[in-house]
1. Enumerate the pairs (first residue in the range 716-735 and of a type in the set (A, V, I, L, M); second residue anywhere and open to solvent by 30 Å² or more (accessible area, probe 1.4 Å) and assigned to a loop (DSSP other than H, G, I, E, B)) with beta-carbon separation below 8 Å, excluding pairs fewer than 6 apart on the same chain, so at least 6 apart or on different chains.
2. Report whether or not I466 is hydrophobic (A, V, I, L, M, F, W, C), closer than 24 Å to P347 by Cα, touching a Leu at 6+ places or on another chain (Cβ under 9 Å) and surrounded by fewer than 21 Cβ atoms within 10 Å (Cβ to Cβ).
3. Being closer than 27 Å to A616 by Cα, open to solvent by 10 Å² or more (accessible area, probe 1.4 Å) and assigned to a strand (DSSP E or B) is true for just one of E110, E133. Which residue is that?
4. Taking the conditions exactly as written (open to solvent by less than 40 Å² (accessible area, probe 1.4 Å), modelled with pLDDT under 85, in a helix (DSSP H, G or I) and among the polar types (S, T, N, Q)), does T778 satisfy them or not?
5. Would you check which residues across the range 675-691 are under 30 Å from T582 (Cβ atoms) and either surrounded by 22 or more Cβ atoms within 10 Å (Cβ to Cβ) or in contact (Cβ under 8 Å) with a residue 60 or more places away in the chain (or both) and list them?
6. Which ones in the range 708-758 are in a loop (DSSP other than H, G, I, E, B) and open to solvent by 40 Å² or more (accessible area, probe 1.4 Å)?
7. Does A574 satisfy the condition of being crowded, with 20+ Cβ neighbours inside 10 Å and at pLDDT 90 or above?
8. Out of everything in the range 248-269 that is open to solvent by less than 10 Å² (accessible area, probe 1.4 Å) and either in contact with an Asp or Glu (Cβ under 8 Å, 6 or more places away or on another chain) or outside any helix (DSSP H, G or I) (or both), what residue ends up being nearest to F302 (Cα to Cα)?
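The values are calculated or read from the model by the stated rules, or taken from the named source; none is laboratory data. No experiment lies behind these values; they were computed from the predicted model shown. Positions of Cβ are generated from backbone atoms using ideal geometry, with glycine treated the same way; all protein chains shown enter the neighbour counts. Heads up: the accessible areas ignore ligands, DNA and RNA and are worked out on the full protein's heavy atoms, side chains in. Shrake-Rupley method; radii C 1.70, N 1.55, O 1.52, S 1.80 Å.
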Amino acid sequence: MASNAENDLTYCFSMENLSSTPIIRSSLKSFNQSTSYPSLSILTMKEEYSLQALIANAFHLPLSYNIYDHSSFSGPYHPRNICVNDPTEQSSRWSSNSHDQSQYITIKLEKPAVACEILFGKFHRSHVCNLKEFKIYGGLYPNDMKELLHKGLTDDNKAETFPIRHTYNNLVNMNMKISIEYTYKKQQIFPIQYIKITPLATFGANFNYSIWYVEVRGIKDEELMEKVYDAYNKYKEMETIKLCLKHFRQKNMMDVYSNLQKTTSIELEHPLIEKLHQSTVVNGDFEAAEKIILDADEKSIFKPYVENAKYLPTWQKLSAFNDGKRYLHAQILFINDCETQKDGDAPCGRGGHQLCIDSDRERIYLFGGWDGKRDLSDFWCYSIRDNRWKMLSADTTLQGGPSPRSCHSMCFDPIRKSIYILGKYVEVRAPSTSAPEVSPKLYESDFFQYFTDLDRWIKISENTQIDGGPSLLYDHQMCVDSIGRNLYVFGGRIVTHDTAPYTYSGFYSYDMDKYTWRLIRYDINNVSASQSPVSSLTPSPHLVVNEIPIGRRRSSNGSYVPSPNASHIVNSRAGHSMLMDTKNRCIYIFAGQRSKETLTDLYYYNIEEDKLTEIAQDFSKLYGCDSGYTQRATIDAENQELYILSGFLKSKPSNIVKNCLWMYSIKQNQWEKVYESESNEAPYWQNSKDIEPYPRYTHQMVYNPKSKSHFIFGGNPGDVSNPFKRLDDFWELKLAKPDSAQVVRQCLFHLRTRKLSELCKQADSQFNFKGQICQKNTSEATMQALEYLRAFVTPIVDHDIKEEEDIFKKLCTHLCILEDDSSVTCDTYSARSIDDIYFADRTSVFQSLLKFFPPNMKEPEGSLLDAVKIG
């Protein structure tokens, strides 16, 4: 029996009373006047496409506007100046009075129009206040605007025009085949009257924002705009009715729902979704619902969800052992005297070490580092396939390799199967009469190459600075362009014999075939000092290894001549990340530190064009990962994604060490937080030490593109109570997105646990109101539930998902208490209350299933209740 409230609403939405109901009176007026609109017929589709064609071919005219609102302005630089295009006048611009990201200008078009593009005029020369990044919002009302554009200007004197989004996807054609490939989508055109320009970054750091001139172009033809308005209003009316249908169905007012749907002829969703609702919520036929899910999977309906799903991280702690355990035991104890891993099974704990990977052979190489007391010079190889460490050398100095060191850089050349090592940290000692004299050779930048097939070290250079390369560096980065046969070195602190403030190295390339250095970019503050040409020295004779010449070469007169691009400058840094995109032959440079400033920018360098471009000036404020130091990054060139694992994070009131993994999509220019450790407290990590890695910095991370796995070793945990502590754990991290099979499993989990819950309630209902048990009926109901649990629920539970495991345990507990505890009492439910409970719980399950379906197939987002404004 329906409630009185429902009967009243049913009456209101009956055929004869529908037009007088206030909530949709205005919406139904247009529907009653037009019999062709309600269903998405072929004629309607043609009309919609016809309007889109008219808009696409219409001539764009300048749209008159005035300044509606603004955040601030400085001196004579009033917002109204952007209405006049005077590129030679310094004061003909709007300039904010601060550099924060709350600055804006809002303009109001003379009449609502379809705004199609926006033009930004500029000063007659480049200017530090030009907008390097900005967003555009638009709407019919100043308090209801959507993002239309996110771009940036180039720092020159040429005006730039950007298209403005003026359409959005509408619903699918309900009559077409149920397949993503055949889904009908139409673009709904919307008019706007208010446009908000929000600056985000300037070309000069910490400069106020300036806009010189703005022109909005679009369509204002009255006849065409009348058609746009008519289509837009019909769309809003249809969405309003759909929200009503959604609300009434969720509240189990099915009579109201049916009458409204019959009157308006509007389909709330795709027939497949409607069928799923009928089976799941109305009928409780969960087997039929499962068949619908399987049918949807066969038609690739879950494909959009899978493609846009977030990564799920899986950590695995690796326990690898050494091939030559006994022999290496003695070497480690005698030479390195490490306090951890004295059995020689694996590298001891350290930070400031280096890893590189031979992805073809799936081998990871580790060299050097700081164990908390001394620099190391041991050299290891880890076989991913065999899960085994092998010590190649306990001290590479004995094989003609590099001396003990940390904060160096190491990279792998896949063509020659060789490893390059450059740089090291040297503690600068203050001038003092009592200080021991230090040999000048300590500050020379030696350069090494190791051939993995020959197990042989070669010293390429005694001092790369003499060869035209960088001075002695630490906390720099290197990468290899195997196609162009160049090794790139960027940034790092220059080590000198005095205690002068930190100086930073520029951007270099090293020709691995010609053995020559080239300076690509100077550091902004170090153009003429440490990177100036140096006098020549007699070059060492070349060494030959299997007809591969190794050594140093210079120009014909023996001296270093800077490249034509050496006059270019770059804001150098240390502790950053640098990644080679082998697919597009460009280099990504990320974050780092300069003096006391933590950098939060992202650059890419196009090798073929010799062009350095800033992608983001401050990713942490907008959408990206936290600002920090010694974060580690990798790249998947195939998927065009960067992965950044945080280290030492800049935070207030004090800096912290925290595990946080971000993914940056190069194609979409979007950031996604993949993983973050739940706590920094000791009790949490005591229980999680074998589940996920302890937070750290100065660790190292490499990526294996074959297995799509990251490998992380060592680091400094930042333990204040034990500053010498370094970590020796080794972790593998895999990132995976759910495939369609996993989506189906999740759907079946929701449906089957719902059915099991109802079977439990049926067993509950066998108890009479005195708490006595009807033994026969209860046993049958409970046994049925237990059998369903065993045969259908248990096989599909993913115990790695805490939420699923908790639901599973709760249901198991419920059944055990029913069978074993005769003291349990349960009041009998009325038929009506059980139906209400079932409907609400099934609706919740249905909503959980909807998230896997494309937006253009299901009910609209939002709630009818949100339309009510208070105050």
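1. These pairs meet every condition: L727/Y694; L735/K708.
2. Values: hydrophobic (A, V, I, L, M, F, W, C): yes; closer than 24 Å to P347 by Cα: no; touching a Leu at 6+ places or on another chain (Cβ under 9 Å): yes; surrounded by fewer than 21 Cβ atoms within 10 Å (Cβ to Cβ): yes.
Spelling it out, it is not the case that I466 is hydrophobic (A, V, I, L, M, F, W, C), closer than 24 Å to P347 by Cα, touching a Leu at 6+ places or on another chain (Cβ under 9 Å) and surrounded by fewer than 21 Cβ atoms within 10 Å (Cβ to Cβ).
3. Numbers: E110 fails: closer than 27 Å to A616 by Cα.
Of the residues listed, the single one that is closer than 27 Å to A616 by Cα, open to solvent by 10 Å² or more (accessible area, probe 1.4 Å) and assigned to a strand (DSSP E or B) is E133.
4. On the way: open to solvent by less than 40 Å² (accessible area, probe 1.4 Å): yes; modelled with pLDDT under 85: yes; in a helix (DSSP H, G or I): yes; among the polar types (S, T, N, Q): yes.
So T778 passes the test.
5. Here is the first cut: in the range 675-691, the ones under 30 Å from T582 (Cβ atoms) are 675-676.
Scanning the range 675-691 gives a single hit, Y675.
6. Narrowing the range 708-758 to residues in a loop (DSSP other than H, G, I, E, B): 708, 717-726, 737-739.
Answer for the range 708-758, where residues must be in a loop (DSSP other than H, G, I, E, B) and open to solvent by 40 Å² or more (accessible area, probe 1.4 Å): K708, D719, V720, S721, N722, P723, F724, K725, R726, K737, D739.
7. Values: crowded, with 20+ Cβ neighbours inside 10 Å: yes; at pLDDT 90 or above: yes.
Criteria met by A574.
8. Here the residue is E269.
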